[in-house]
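A.B. asks: First, the structure itself, so that you have it in front of you.
The values are calculated or read from the model by the stated rules, or taken from the named source; none is laboratory data. Here the structure is a predicted model, which means the values were calculated and not measured. Because the Cβ atoms are built from the backbone with ideal geometry, glycine has one as well, and the counts that use them run over all protein chains shown. The area values use the complete protein model at the heavy-atom level, side chains included, leaving out ligands, DNA and RNA. Shrake-Rupley method; radii C 1.70, N 1.55, O 1.52, S 1.80 Å.
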Amino acid sequence: MALYCRIAFRGKSFCCYRLLSTYVTKTRYLFELKEDDDVCRKAQQTGAFYLFHSLAPLLQTSEHQYLVPRFSLSELERLLSKFGQNAQRIEDSVLIGCSEQHEAWFALDLGLNSSSSTHASLPKSEMETELKGSFIELRKALFQLNPVDSSLLFTAQSLLHWHDGHQFCSRSGQPTKKNMAGSKRVCPSNKIIYYPQMAPVVITLVSDGTRCLLARQSSFPKGLYSALAGFCDMGESVEEAVRREVAEEVGLELERLQYSASQHWPFPNSSLMIACHATVKPGQTEIQVNLRELEAAAWFSYAEVAAALKRKGTYIQQQNQSFPFSVPPKLAIAHQLIKEWVEKHACSSLPD
Ligand SMILES: NC(=O)C1=CN([C@@H]2O[C@H](COP(=O)(O)OP(=O)(O)OC[C@H]3O[C@@H](n4cnc5c(N)ncnc54)[C@H](OP(=O)(O)O)[C@@H]3O)[C@@H](O)[C@H]2O)C=CC1
Ligand SMILES: [Mg+2]
């Protein structure tokens, strides 16, 4: 779908014959859905709904993968009426995206109670039987979802989680009201607007030129090491946060810093992961682990890290036991940073 655009120049509006791209028209449509409750309500009539129960998405098993079922508005209305609820519950849903053909996608949690709705949580196991699927914790389903589905479910779960935790105004204590799309909540008594938020987190792969530094927290699966991560403090730039986190967690000073990529990460709360590569000052490689933050940190060679990426990792000693050395899964930006480092190292060690 494409649109012609109208442009404003020196106070006058002109019809412009440039065809807007599919991406731009889709983006403008999503903007309209967020801004206009009536347009959003109308979009629900032809839209698709993803269902959750207490923040766990409804999934169906197929071979080794999970499928993510979607429902039309009429299917959803039939389902709600079967469980003794009316269609007003659908107003609790949040907009999570749309197709290139402008089919809007929504997520609805049937397990959470909302302050603006009088509807109780629906029974999980009866819903699962009816819907021929299971509500599975997103973190546990990650490895059996395709990347497109997981990205959509990350957004959905994060938005539903945010709304669940922001049902009351922190100034007046009154229930807040969400707009149709769920892009904000407003306090009816003082008109304060609350917008969904993500916490900025820096994640850094530190290198000394030949080795990279990986660390683990005691909550990680045995043998798993990752890049250094930490929440940005108030008032900090990304660069300052990276330098502080590295100094705080492993006692090292950085020399060079390079941005790589970013990722939205929904666990345990929404974070915007900002990923960087960094190098330490020459000759300053002695790690001093902050045991209040980390269980262990160590330098790993190219060969060790390359093998771990191929899941052929060597064994690592941990609390007098040995476990296979592993790195985070593909979906995590930590994996991407580690992979980039290995690829760069492989290129730079090629003969000229
Ligand atoms: N996608 C990926 O590849 C990866 C993602 N991550 C994510 O990055 C995040 C940060 O990593 P982590 O090393 O744990 O962070 P930190 O090194 O900053 O330490 C975590 C501590 O920070 C405090 N904290 C929690 N929430 C916030 C917040 N919003 N603002 C400021 N401080 C906070 C808590 O301390 P206290 O409880 O004492 O208040 C928590 O124990 C985690 O959510 C993790 O899931 C991490 C690595 C890889
Ligand atoms: Mg940390």
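A.B. asks: Taking the DSSP beta bridges in the chain as the whole, what percent of them are antiparallel, to the nearest 5? Intermediate results must be reported in sequence, preceding the final value.
C.D. replies: Details: 50 of 65 bridges.
Around 75 percent of the beta bridges assigned by DSSP in the chain are antiparallel ones.
A.B. asks: Below 13 angstrom from the Cβ of Asn146, what's the summed charge of the other residues (Lys, Arg +1; Asp, Glu -1)?
C.D. replies: Taking every other residue near Asn146 into account, the sum is -1.
A.B. asks: Shifting gears a bit: May I ask you to give the percent of accessible area on segment 60-187 that is carbon plus sulfur, with a probe radius of 1.4 Å?
C.D. replies: In segment 60-187, the share of accessible area belonging to carbon and sulfur is 49 percent.
A.B. asks: Now, a different point. Leaving out same-chain residues fewer than 8 places away, which aspartates and glutamates sit with a Cα under 17 Å from that of Lys222?
C.D. replies: The qualifying aspartates and glutamates are Glu293, Glu295, Glu304.
A.B. asks: Near Lys34, which lysines are there with a Cα under 25 Å away, not counting those fewer than 8 places off in the same chain?
C.D. replies: Reachable lysines: Lys26, Lys42, Lys177, Lys178, Lys184, Lys191.
A.B. asks: Please report, as a whole percent, how much of the solvent-accessible surface of segment 281-344 comes from carbon and sulfur atoms (probe radius 1.4 Å).
C.D. replies: Within segment 281-344, the accessible surface is 49 percent carbon and sulfur.
A.B. asks: Sticking with this one: Going by amide H atoms built from the backbone, whose H comes under 5 Å of the H on Val201, apart from near neighbours?
C.D. replies: Cys232, Leu272, Met273, Ile274
A.B. asks: Roughly how many percent of the accessible protein surface of segment 229-269 is carbon and sulfur, given a 1.4 Å probe and a whole-percent answer? Intermediate results must be reported in sequence, preceding the final value.
C.D. replies: Numbers: 1210 of 2360 Å².
The C+S portion of the solvent-accessible surface of segment 229-269 is 51 percent.
A.B. asks: Residue by residue, what Karplus-based ³J(HN,Hα) values in Hz, rounded to whole numbers, does segment 158-166 have, using 6.51, -1.76 and 1.60 with θ = phi - 60° and x for Gly and Pro?
C.D. replies: 5, 5, 4, 5, 4, 4, 4, x, 10
A.B. asks: List the relative contact order of the chain as a percent without decimals, with contacts defined as Cα pairs under 8 Å and 6+ residues apart.
C.D. replies: Computed value for the chain: 13 percent relative contact order.
A.B. asks: Sticking with this one: With n ≥ 4 as the cut-off for DSSP H runs, can you work out [θ] at 222 nm for the chain, using -39500 (n - 2.57) per run divided by the number of residues, rounded to the nearest 500? Walk me through the numbers before you get to the answer.
C.D. replies: Working: 9 runs with 102 residues, N = 352.
Value at 222 nm, helices only, nearest 500: -9000 deg cm²/dmol.
A.B. asks: List the longest stretch of the chain that has no exposed loop site; here a site is one of the GluC sites (Glu not before Pro) assigned by DSSP to anything other than H, G, I, E or B, with at most 12 other Cβ within 10 Å.
C.D. replies: Value returned for the longest uninterrupted segment is 138-252.
A.B. asks: While we're on this one: So with the 1.4 Å probe, I'd like the accessible area per residue for the chain, rounded to whole Å².
C.D. replies: That works out to 56 Å² per residue.
A.B. asks: Then there's this: Put +1 on the Cβ of every Lys and Arg and -1 on every Asp and Glu Cβ in segment 200-352; which of Pro221, Ala247, Trp341 then has its Cα farthest towards the positive end of the dipole?
C.D. replies: Value: Pro221.
A.B. asks: Need one number: nm distance between label points at Ser21 and Arg244, each 7 Å from Cα along Cα→Cβ, rounded to one decimal.
C.D. replies: 3.7
A.B. asks: Ok, one more. How many percent of DSSP beta bridges within segment 15-163 run antiparallel, rounded to 5?
C.D. replies: Percentage antiparallel, nearest 5: 70.
A.B. asks: State, to one decimal in nm, how far the label point of Leu67 lies from the label point of Ala307, with both points 7 Å from Cα in the Cβ direction.
C.D. replies: Inter-label distance under the simple model: 4.2 nm.
A.B. asks: Okay, next question. When the chain is fully extended, how far beyond the present Cα-Cα distance does Tyr259 get from Met234, taking 0.36 nm per residue of separation?
C.D. replies: 7.0 nm
A.B. asks: In the neighborhood of Arg70, defined by Cβ-to-Cβ distances under 14 Å, what is the net charge if each Lys or Arg adds +1 and each Asp or Glu adds -1?
C.D. replies: Numbers: positive: Lys132; negative: Glu75, Glu103, Asp149.
Summing Lys/Arg as +1 and Asp/Glu as -1 gives -2.
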